[in-house]
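A.B. asks: This structure is in structure tokens; I'll ask about it shortly.
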Amino acid sequence: MAYNENILNKSIDPAVHQMLARAETLGLETVWDRYEKMLPECGFGELGVCCRNCNMGPCRISPFEDQGPQKGVCGATADIIVARNLIRMIAGGAAAHSDHGRDLAHTLLLTAQGKSGGYKIKDETKLMALAKEYGIDVNGRSKEDIALALAKNVYAEFGKQEGYVQFTRRAPDKRLAVWQKAGIDPRGIDREIVEIMHRTHIGVDNDPVNLILQGLKASIADGWGGSMIATEISDVLFGTPTPTRSTVNLGVIKADQVNIIVHGHEPVLSEMIMAASNDPDLVSRATAAGAAGINVTGMCCTGNELMMRHGIPIAGNFLQQELAVITGAVEAMIVDVQCIMPSLGDLCECFHTRFISTSPKAKFPGAVHMQFNEEKALEIAKSIVESAVDNFTNRNPAKVFIPDEKTDCMAGFSTEAILAALGGTLDPLLDAIKSGAVKGIAGVVGCNNPKIKHDHGHVALVRELVKNNVLVVTTGCNAIACAKAGLMVPEAANTAGDGLKGVCQSLGVPPVLHMGSCVDISRILTVCAAIANALDVDICDLPVAGAAPEWMSEKAVSIGAYVVSSGIFTVLGTVPPVLGSPLVTNILTHAANDVVGAAFAVETDPIKGAGLMIAHIEKKRQALGL
Ligand code: NFS
């Protein structure tokens, strides 16, 4: 079918084209419609020069000196306001990731105490390794006992007042020295986030450089703290991912089954929903209702978590959440926290879909709240799945429209899995980098954003890197975009430059490696640290680069900040709200090099963005004498 330009310009994904046409037919509003209605977006907000931190304002600084105020009522300049606003975004993002990590620590604690309703310690090897890292005595102790000690230690990271966050010590010594010199080696995770809120209060920190340094400090507490805790403890509880095959895109929704979509972020919920959907009583209840079975699929990062560990299919990335409901075939959209559009409530009301919220932290208009708690996890998960099953008979077959689009993919590339694929040592990868077969490594991550043609930023940039022999590691909504584009099967090696193609073929891996959800960017940090240590250099010396081609969330701002703080040049595909301050813009894009050995670039054209990354990788290769 031919679609109009208006639809074709919104996404590169044929499933999205079909669903947008369907939405148009049904007169349903999506995120793209609301985005268009919002245009032109607020110019002051775009520049980052509006301040609502006290009630003398709101203030906004005129971008033109002669045409309006150059200072807020308190005297804050554009530089101060932009810096404050930026680091408040970091605080939001770091808080979200870290609270996710805290929830995992809580689940581990309950599991160790025998109080959790259905969780187990799946990866004892990782449990022991983490215990060792924390200096916990493991001799003669039960795994529960060790897990309890680990959970208490990890829990304490959040409220720590002094010392350092343990996982930051995974960074190469040279990197730690950089952080210590700049005063950005984080203390407790919560402490750094709270300090941002304090410093950005009216009349506290009014030095843009000092503000930004605190932003970097909190972001490191996210990447090398909260996010890393989320990843590691998830692996202990649910297993460390190993390569697995799966499928992705809206076509994974099945017309003849009870469809459950788990959307959000924490595997604490989605793992139990998956377990409950295999319950024989619930399966027979589904068949008794006329369904062929229960089909659990994921959306956004909780989908990445399930795919990485169990090969569960993913229905789509961030901009597809509404479209999944519009298929009319979803019995329940079950959500926990983060990246869940409040618009889902209205949309679900147009269909039989039950929108079920589960977290006391995240309630939504139009949602039924079925509160989840770890003590009764499986029991509650079963009642949630039961409510989905019972909703099957309410489905109106005339309203069902599922696009026939799904793509095969391979996921599950944890750091451990990558090492295993390499034969247990990094050497084959280092050799390939040294020989130039693999020019370097790019971490490409982040969201979707209707400001950019859906998935185009992700896929065009990644294709260009792969073509130029850059190995891509990915997480989050970029990973889902790449999977849909067919870049995550070993055969995709054919799209790579000759060097990378040969390496992928000999290892049987795709040129784009799925490393998980956004908190799993911590896995990328671990890999970078290992490579830097193997070469006896700092991370900022490596031929590596980062990109977030379609980012939109505060979490992405925190990620960008900790990736740059870790010494990795990072390209942003959408413009951050900082241009109102030439000083802050300069710090982020240039001066940061002098402090942390890396900086940001902003490039909305994905091919040019890839070009910047490749040039950076070449420069680093040269400096290393490669
Ligand atoms: Ni990351 Fe995951 Fe997607 Fe962006 Fe949202 S799902 S945590 S924030 S939109 S990549």
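A.B. asks: Please state the charge dipole magnitude for the chain, taken about the Cα centre, from unit charges on C-beta atoms (+1 on K and R, -1 on D and E), reported in debye and rounded to the nearest 20.
C.D. replies: Dipole size: approximately 360 debye.
A.B. asks: So what is the calculated 222 nm ellipticity per residue for the chain, using -39500 (n - 2.57) for each DSSP H run with n of 4 or more, over all residues, to the nearest 500 deg cm²/dmol?
C.D. replies: That comes out to -14500 deg cm²/dmol.
A.B. asks: Turning to a different aspect of this structure: Please identify the GluC sites (Glu not before Pro) of the range 126-174 that satisfy two criteria: DSSP loop assignment and at most 16 other Cβ atoms within 10 Å. Which are they?
C.D. replies: Of the GluC sites (Glu not before Pro), the ones in loops of the range 126-174 whose Cβ has at most 16 other Cβ atoms within 10 Å are GLU162.
A.B. asks: Let me ask something else about it. Which ³J(HN,Hα) values in Hz, rounded to whole numbers, follow from the phi angles of the range 407-420 under the Karplus curve 6.51 cos²θ - 1.76 cosθ + 1.60, where θ = phi - 60° and Gly and Pro get x?
C.D. replies: Along the range 407-420, the couplings run 10, 6, 8, 10, 10, x, 8, 5, 4, 4, 5, 5, 4, 5 Hz.
A.B. asks: Moving on to the next point. Collect residues whose amide H, placed 1.01 Å from N in the peptide plane, falls under 5 Å from the amide H of SER11; neighbours closer than 5 in sequence don't count.
C.D. replies: Under 5 Å from the amide H of SER11: HIS454.
A.B. asks: A follow-up question, please. Evaluate the charge dipole of the range 10-99 about its Cα centre and quote only its size in Debye, nearest 20, assuming +1 on the Cβ of each Lys and Arg and -1 on the Cβ of each Asp and Glu.
C.D. replies: 280 debye
A.B. asks: In what sequence, highest mean first, do 305-314, 146-155 appear when ranked by Cβ atoms within 10 angstrom?
C.D. replies: 305-314, 146-155
A.B. asks: Ranking PHE569, PHE392 by Cβ neighbours within 10 Å, fewest first, what do you get?
C.D. replies: The fewest-first ordering by Cβ neighbours comes to PHE392, PHE569.
A.B. asks: Follow-up question, since we're still on this one. Between LYS608 and GLU5, what length comes free when the chain is fully extended (0.36 nm per residue of separation minus the Cα-Cα distance, one decimal in nm)?
C.D. replies: Contour length minus Cα-Cα distance gives 214.7 nm.
A.B. asks: If you don't mind, there's one more thing I want to ask. I want the antiparallel fraction of DSSP beta bridges within the chain, as a percent rounded to 5.
C.D. replies: Antiparallel bridges make up about 15 percent of those DSSP assigns within the chain.
A.B. asks: Hey, another quick one. Using amide H atoms built in the peptide plane, which far-off residues or other-chain residues are under 5 Å from GLY440 H to H?
C.D. replies: Residues meeting the criterion, in which the H sits 1.01 Å from N, are LEU471.
A.B. asks: Hey, which lysines would be in cross-link range of LYS399, C-alpha to C-alpha under 19 Å, not counting anything within fewer than 8 residues on its own chain?
C.D. replies: Filter leaves LYS254.
A.B. asks: Shifting gears a bit: Taking 18 Å as the cut-off for C-alpha to C-alpha distance, list the pairs among LYS484/LYS608; LYS10/LYS451; LYS434/LYS619 that go past it.
C.D. replies: LYS484/LYS608
A.B. asks: Rank GLY436, CYS504, GLY546 by how far each Cα sits towards the positive end of the charge dipole of the chain (+1 on Lys, Arg Cβ; -1 on Asp, Glu Cβ) and give me just the farthest.
C.D. replies: Value: GLY436.
A.B. asks: Near LYS382, which aspartates and glutamates are there with a Cα under 18 Å away, not counting those fewer than 8 places off in the same chain?
C.D. replies: GLU266, GLU271, ASP279, ASP281, GLU331, ASP336, GLU374, ASP390
A.B. asks: Continuing with this model, one more query. Among 241-251, 284-294, how do they line up from the highest to the lowest mean number of other beta-carbon atoms within 10 Å?
C.D. replies: Ranked from most to least packed, the peptides come out as 241-251, 284-294.
A.B. asks: How do ARG395, ARG84, ARG191 rank when sorted from fewest to most other Cβ atoms within 10 Å of their own Cβ?
C.D. replies: By the 10 Å Cβ count, ascending: ARG191, ARG395, ARG84.
A.B. asks: Separate question: So for the pair GLN622, VAL194, with labels modelled 7 Å out along Cα→Cβ, what separation do we get in nm?
C.D. replies: 4.9 nm
A.B. asks: Now for a separate question. Taking amide hydrogens as modeled 1.01 Å from N in the peptide plane, which residues meet the under 5 Å criterion relative to PHE413, leaving out close sequence neighbours?
C.D. replies: HIS514
A.B. asks: Let me ask something else. Please name whichever of HIS201, THR247, GLY226 sits farthest to the positive end of the charge dipole of the range 183-254, dipole taken about the Cα centre and charges placed at Cβ: Lys and Arg +1, Asp and Glu -1.
C.D. replies: It is THR247, whose Cα lies furthest towards the positive end.
A.B. asks: Obtain the nm distance between the two label points defined at THR393 and GLU375 by a simple spin-label model: each point lies 7 Å from its Cα along the Cα-to-C-beta direction.
C.D. replies: Computed distance between label sites THR393 and GLU375 equals 3.5 nm.
A.B. asks: Would you mind giving the average projected area, over all directions, of the Cα convex hull of the chain in nm² with one decimal?
C.D. replies: 27.4 nm²
A.B. asks: Something else: Measuring from centroid to centroid over Cα atoms, what is the spacing of the range 562-617 and the range 1-44 in Å?
C.D. replies: Taking the Cα centre of the range 1-44 as reference, the centre of the range 562-617 is 30 Å away.
A.B. asks: If you don't mind, there's one more thing I want to ask. Given points 7 Å out from each Cα along the Cα-Cβ axis, report the GLU41 to ALA182 separation in nanometres with one decimal.
C.D. replies: 2.6 nm
A.B. asks: Find, to one decimal place in angstroms, the Kirkwood hydrodynamic radius of the range 394-474, where the mean of 1/r is taken over every pair of different Cα atoms and then inverted.
C.D. replies: One over the average 1/r among Cα pairs gives 16.0 Å for the range 394-474.
A.B. asks: OK, next. Determine the distance separating the Cα centre of the range 89-166 from the Cα centre of the range 290-332; give it in Å without decimals.
C.D. replies: So the two Cα centres are separated by 29 Å.
A.B. asks: Relative to the Cα centre, what is the charge dipole magnitude of the range 5-60, using +1 at the beta carbon of each Lys and Arg, -1 at the beta carbon of each Asp and Glu, and rounding to the nearest 20 debye?
C.D. replies: It comes to approximately 280 debye.
A.B. asks: Right, something else. What does the convex hull of the alpha-carbon atoms of the range 80-238 project to on average, in nm²?
C.D. replies: The number I arrive at for the range 80-238 is 9.7 nm².
A.B. asks: Between LEU26, PRO40, VAL16, whose Cα lies farthest towards the positive end of the dipole of the range 5-60 when Lys and Arg beta carbons carry +1 and Asp and Glu beta carbons carry -1, centred on the Cα centre?
C.D. replies: Of the options given, the answer is PRO40.
No lab work stands behind these numbers, since they all come straight from the coordinates. Predicted model only: the values in this text are computed from it and were never measured. Here the Cβ is made from the backbone with ideal geometry for all residues, glycine too, and neighbour counts use every protein chain on show.
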